[in-house]
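Comments concern the structure below.
Just so you know, all these numbers are worked out from the coordinates, no wet-lab data involved. It should be emphasised that the depicted structure is a prediction, and the values quoted were computed from it without experimental measurement. As a convention, Cβ positions derive from the backbone with ideal geometry for all residues, glycine included, and neighbour counts pool all protein chains shown.
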Amino acid sequence: MAKQSNLVGSWAFLIGVVIAVGFGALGEAITGNLLWILVVLGLVVGLINITGDEVGQFLMASAVLLIAASFGKSVVETVPMMLNILNALLLLFVPATIVVAVKHVFALAKN
């Protein structure tokens, strides 16, 4: 059963990245149902794809992504396609990061 859920989480991550990069590269701003699809995929990734051993690496990588996105938006705005891709990736990574961080806090509190 663990392999099945890990497979679902892996596919959720892959599909989310393809949607984010694909639609961003086409110059499409992510709105409506596509926005919610990316958010839900991010939640799925955070809930079932990140194991206890991967938490530290995931949180570090996603924190770097979020910080770089925050500080780099003014630079990326000059290329609308890059801004669309960045915003779409953030729609995927922010929910995943929040879920993983909350799960980790609960795990720390339990110990």
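Using R₀ = 30 Å, calculate the FRET efficiency as 1/(1 + (r/R₀)^6) where r is the Cβ-Cβ separation of Lys110 and Met60; round to 0.05.
Result of the calculation: an efficiency of 0.85.
So how strong a dipole does the stretch 2-110 carry about its Cα centre when Lys and Arg Cβ are +1 and Asp and Glu Cβ are -1, to the nearest 20 debye?
Using only the charged Cβ atoms, the result is roughly 240 debye.
Using the Karplus equation 6.51 cos²θ - 1.76 cosθ + 1.60 (θ = phi - 60°), what ³J(HN,Hα) coupling, rounded to whole Hz, does each residue of the stretch 58-71 give in order, writing x for Gly and Pro?
Per-residue couplings from phi come out as 5, 5, 5, 5, 6, 5, 4, 4, 5, 5, 4, 5, 5, 7 Hz.
When the Karplus curve 6.51 cos²θ - 1.76 cosθ + 1.60 is applied with θ = phi - 60°, which whole-Hz ³J(HN,Hα) does each residue of the stretch 99-111 get, with x for Gly and Pro?
4, 5, 5, 5, 4, 5, 4, 5, 5, 5, 5, 5, 7
Of the listed peptides 14-26, 68-80, 88-100, what is their order by residue-averaged count of other C-beta atoms within 10 Å, with the highest listed first?
Result, highest mean first: 88-100, 14-26, 68-80.
To the nearest µm²/s, what D does Stokes-Einstein give for the stretch 2-110 at 10 °C and 1.306 mPa s, using the Kirkwood radius over alpha carbon pairs as Rh?
Once the numbers are plugged in, D ends up at 111 µm²/s.
For the residues Met81, Met60, what sequence is obtained by ranking on other C-beta atoms within 10 Å, fewest first?
Met60, Met81
Output the relative contact order of the chain, whole-number percent, from Cα pairs under 8 angstrom with separation of 6+ residues.
Result for the chain is 41 percent.
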